[in-house]
Structures are given as C-alpha cells and as structure tokens.
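Inspection log for the structure reproduced underneath, given as structure tokens.
The values are calculated or read from the model by the stated rules, or taken from the named source; none is laboratory data. Treat the numbers as computed from the prediction; the structure is a model and nothing was measured. Every residue, glycine among them, receives a Cβ derived from its backbone with ideal geometry; neighbour counts consider all protein chains shown. Heads up: the accessible areas ignore ligands, DNA and RNA and are worked out on the full protein's heavy atoms, side chains in. Shrake-Rupley method; radii C 1.70, N 1.55, O 1.52, S 1.80 Å.
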Amino acid sequence: MKKTISFLLTFFLSLSFLVAAGTSVSANADLASAPSDAAASSAAAASSDGAGVAAAAEDNTVTLRVVHTNDLHGRYDGGEDSVGFAALQTIVNGDGRRADLVFDAGDAYHGLPFATVERGGAIAELFSAVGYTAMTPGNHDFNYGAAHLAELGTDSGVPILSCNILSEETGEPVFTPSVGLTVQGLRVGVIGVTSPDIYDDTAPANVEGLVFADPVEPVQDEIDRLHAEGCTLIFVLAHLGDSSVLEWTSDRLVSETTGIDVLIDGHTHDVENRLVDWKDGEGQALCVQTGAYFENVGVLTLTVDRETGRPVSLSTDCETLVSAADAAELTPDEAVEAQVEAIESRQSVILGNEIAVSPKAAPYSWEDVRCGQTAIGTLVADAYLAETGADVACENAGGIRGGIPKGSVTGGDVLAVAPFGNTVVTKEITGETLLSMLETSLSLGLRNQAAREAGDDAAWPEESGSFLQWSGLTVAWDPDAADGARVLSVKIGSRALDPDKTYILATNSFVAVSADYPALAASPEKNEYGACDELLRQYLSGAYEGVDWTDSLTRIVFRAEPSAVESLPEPPESKPAAPSEPEAVSSEPASASDNNPTGAIAVVAVLLVLAAVSGAVLARRQRP
C-alpha cells in the first residue's frame, strides 16, 4: 500500500511539473524544455543546458547557476526526506554543465552520529567530494570548538567565511571574511556572516575567546572593499534566519546595508524566497533558504549583464527548490555514493571500539522507560548534568532506544541508546514549572502502565514517549492521588524545591519545545550543547573528573521518604527489574504490612468487621 501511495504521489508530482513547464513562461531563459521522463524533468529544473548558455551569449548576458544548502545537521544519505550527497552531486553536475558556485549556510558538521562519530570529518570529506565553493559557520558547527572547526575547513578544502567572528584578544576576524572570485568572466564577491545570537546556541566553552559582532558594519565594509576590487555581484552566506524572536535576521541585515544582491540564509530551518530592499532604497537582495535536514536543495539561476556585471532581472523566480522527492527521481552520482558507503564501513569499525566497562547492565525495553524510572534513563540524564552543570535533567522515554550491557560498552551501544542526533539544551525554569512537569509525567506513566497491564497496544497514549526520566532530584509521590496532586515532596540535591526559585534544567532539543510540557516550551533557553549520544559517550568514557558514572546504575530517583512511609507507594527505582519482570510504576500503594505484619493483620480484621456492619446496614435499607 505504501509503495502504491508513493508511486501515485510521484506520478502526480511529475505530471504537475510537466504541465507547469508546458504552460508557464520560465524566469530562467536557459532551462531546457521538459524531457519525457520524471528524472530528466527534475534535472532540467535544477540545471541549464548548452542552448541556454548560447542564447545568453547572443544577448550579451551570462547565466550563473548556484546550488546551495543549509542546516544539514549531519544528514548525508538520500531517502524519503533527504536529498543526500550523491543526488546533490548529480544536481551540481547538471545537464551538461556544472554549477558555477556551490554554497552552504551553516550547521553541516554536527548532528546525526554519521557527523559526530568523526567530529565532522565525514561531512568535510563529502563537502570536498562535491566541490563546495564556500560556507559560513552555524552555531552547531562550533560544537567541537572553533579550532577544530578551522581544521575541518582545511581538511575539506572549503573556505569557511565569516566577517563578524572576531578574536576577543586581537579584535581581528578569526575566519576569512570574504573572497573575490572570477566566474565566467565576472567578478563575484562572497561574504560570510554568523548570527550574534550564537552565544545562546552552543556551549560557552565552544566559543570562548570569540566575539560575535553586530554584523552591519563588518558586512558593509566587505561589500565596499569587494566593490572597490571590481566585484559587481555580491553574495552573502548568512547563518541568521528570519525569526521574529531573533535580534538579528537576514531582513534586518539587508535593510541596514547597501549592496547585497543574493543572501543565502540558514539557522531558522525555514523555506525563504523573498526580495528585501537595501538601506538606500536603490536596490534589493534576494533572500533564500532551503529549510533543513537536506529536505531540499536550492538552485539559483541568475542572468547577469556581461558588461555591467549586474543581474538583468532579480526575482523570486530565480530560485528553484529540488526536494527529496524530486531527487529520488535522479540518478545518484556513483563516485559519491561509493564514498558514502566507504565512510559507513569505516565508522562501523569505530563504533565497535570499547569506550567503557560496566559493572552491571542498564537494560532497555520500550515499555519500561515509559512506565517508570530506569537505570538507562538515569544514566542518560546524569550525562546531561555532567556536561551542563544544570540543577536537574530529564530525557523523554521516546528519546531512549537502547541500553548498555554488563562488561564491554562500545560506541555502537551508545548510538543505540541515543540515535536521533538531538542536541542537549539548558533552559531556565521556575520550581512551579518543574513541579508541573513532574505531575504531567507521573500521570502519563500511570496511563502507560494501565495500557501495559491491559495488554492492548491500541490503549497506549499517543504521547507515551513523553514520560520523563530524571536526574538531580528525588521525589516522593502518591499514585492514588488525583492528577496534579501526586507529588508529595521534591528535593533538588539536598534542598526542598522552591516553586518561586529559578532552576536550570538540561534536556534534549525535542523535549525543550514539546507541546506536552507547554510551560517548559515557553521558558527561555540558556545554552545549547553537543548531541545526546556525544554527551553519553563522554560520560561513559570518564571525561568528567571526579564523577563516577557507575553511580547512575543504582541511584534511586523516585522513592518514599521516611516521613511518608505509611502513605506513599514505592515507585520504581533507578535499577530496572529483570527482563522477565519489567519495572513499572506501581498503581498499588504500599501498606504498613510491608514493615509490620502484626499491624497489618489488625488492620485487615478491622476492615472485615466494618465491611460486615456496612453490609448489614445496607441490607436493612434495601428492604421494602
């Protein structure tokens, strides 16, 4: 059925493209007429042919084809939602003529384990293979530190451009601010710029010693310098975005400068394609962004006057998006495809290397992590605390997909625990918000447990994976209490929770914006760190001095405190139950009989007498 739907979707997408190609006038005079098959049709939309170039030469214009990406976040392979580097190479190669320029607007070197296992090296290798012209760094590209980022630029042979990242010590740019290129006889300037908001989007240690200056002055300086050197066409690679919550956006940069022709954007994961007026009102910049995660590749086709070096007609029609669905119809480049396979093979060896030896297992089951605190959940949350220094940490059950064995623990084991490439973020939350999160999670855990006991897969709540695993706190709770009133006491470290106090919470980037925890989603973000699997790998390998990670395997997070022994249930401990008897959030309260058998007998006797009396009274009332 899925294959049938996929076929029909591809058929109708291709049919609509062919109809559009036959009934509308393209803004790109050099596009070939639509070929007969879907693959050729996609290639035509993303490339120019010899006839178009000849036509441009006859009317004294030059046609530039520019391919661009942004926010790949370690995506690399083609698939249902990803173009991938092999198809990207096909797009770059075009239909008989390679693209003139290939750009990236940041956040490429970090994300999925494919990127992080070799600290960005695999992405640098593929950037080199495709032949990128230049890139600008995004906040996540600094997750290995600025020095290593510079090494990645050297290794890839792709210049890293940014005019507003300065040395705190010297005030000079850390990266190359801009480059001037000769393309088809034209002088083209390319400037890089990175959002000053980056201080909140990566760990402070990653950008220590760097200043991210307000971009207007350094960008305008580079525009003026490039113009003076004879560059007539100005591209800006910007990791800024267009979000209204950001101080610096691509729109603001264009409107406060004069001379940007094309701004290739990133950071906010949007699809952008709009014209923005210059400061002097005498011109406009075309601002484009492709979304994120290799979902699309952008192809700009610019017709430029050969004599003036200026765009003949700059409009939103210059931009074409090649989606993952379009790319699936293309023939992937065999050389890049083989290179991807070689990297995967190489990484499989790395992932087999031992990083730790565990004295006991922290097993995983889909049900266990959704019904109670588990050892693997505590381990993951503890890793977040160790890296961030936050007060508390949590991880959603759906973010954990494996456990660790007793004995040798490998990189592959870690990857199985946290395979999604989410990053760790810290947020400032109130004690009241923290209490609300605990109540929501505990309530969800009980509903998950009820579904588990019912043995009905359809009974599991849709949001079952939003049950939270915790670290940094201890909680006493009552499962028989009403929703919103189950938490009896919370301690952060050794101190009681203060509802009015502000705490720092570490979690993954998915939970941080989850609609299941709206108060958390609305709380301000403080910093962003590395990928979840990275932090767990570091924690297990002993990277944090004075921290014994094996404590995570046995520590109790939810427990009954002595003052509440007779009224509190015994919630599941950090130590998971054996596989044959999975740990769960108990829905039955502990009774005094747990510690006092004689007292228990007396209580039962009293209950029986009361039941008998009540029955007699009820029987009399029911008599006619």
Inset, instruction - Considering every residue within the range 82-94, establish whether at least one is closer than 28 Å to A205 by Cα, open to solvent by 10 Å² or more (accessible area, probe 1.4 Å) and at pLDDT 95 or above. - result: no
Inset, instruction - Evaluate the range 190-202: report whether one residue or more is closer than 22 Å to D305 by Cα and either without any contact (Cβ under 8 Å) to a residue 12 or more places away in the chain or outside any helix (DSSP H, G or I) (or both). - result: yes
Inset, instruction - Run down L379, L435 and say which single residue is surrounded by fewer than 21 Cβ atoms within 10 Å (Cβ to Cβ), modelled with pLDDT of 95 or more and not acidic (D, E). - result: L435
Inset, instruction - Residues that are open to solvent by 10 Å² or more (accessible area, probe 1.4 Å): find the strands (runs of 3 or more DSSP E) completely inside the range 247-317 holding 3 or more of those. - result: 271-277, 296-305
Inset, instruction - Among the residues of the range 486-505, write down those that are in contact with a strand residue (DSSP E or B) (Cβ under 6 Å, 6 or more places away or on another chain) and free of Cβ contacts under 8 Å to residues at least 40 places away in the same chain. - result: K491
Inset, instruction - Tell me which residues, restricted to the range 143-161, are open to solvent by 20 Å² or more (accessible area, probe 1.4 Å), of a type outside the set (G, A, S) and assigned to a helix (DSSP H, G or I). - result: H148, E151, T154, D155
Inset, instruction - Name the residue, out of L536, L520, that is at pLDDT 95 or above, in a helix (DSSP H, G or I), in contact with a helix residue (DSSP H, G or I) (Cβ under 9 Å, 6 or more places away or on another chain) and farther than 20 Å from L442 by Cβ. - result: L536
Inset, instruction - Determine the pairs where a residue that is within 9 Å of A124 (Cα to Cα), located within the range 141-160, has a partner that is part of a helix (DSSP H, G or I) and small (G, A, S) with Cβ atoms under 6 Å apart, the partner being 6 or more residues away or on another chain. - result: L152/A124; D155/A124; S156/A124; S156/S128; G157/S128
Inset, instruction - Please verify whether the range 401-422 includes one or more residues that are under 30 Å from A482 (Cα atoms), open to solvent by 10 Å² or more (accessible area, probe 1.4 Å) and in a helix (DSSP H, G or I). - result: no
Inset, instruction - Evaluate the range 29-39: report whether one residue or more is at pLDDT 50 or above and open to solvent by less than 10 Å² (accessible area, probe 1.4 Å). - result: no
Inset, instruction - Could you tell me whether the range 484-497 includes any residue that is within 20 Å of E462 (Cβ to Cβ) and either surrounded by 14 or more Cβ atoms within 10 Å (Cβ to Cβ) or at pLDDT 95 or above (or both)? - result: no
Inset, instruction - Could you identify the single residue in V207, V179 that is out of contact with any Asp or Glu (no Cβ under 9 Å at 6 or more places or on another chain), within 22 Å of N527 (Cα to Cα) and either at pLDDT below 95 or open to solvent by 30 Å² or more (accessible area, probe 1.4 Å) (or both)? - result: V207
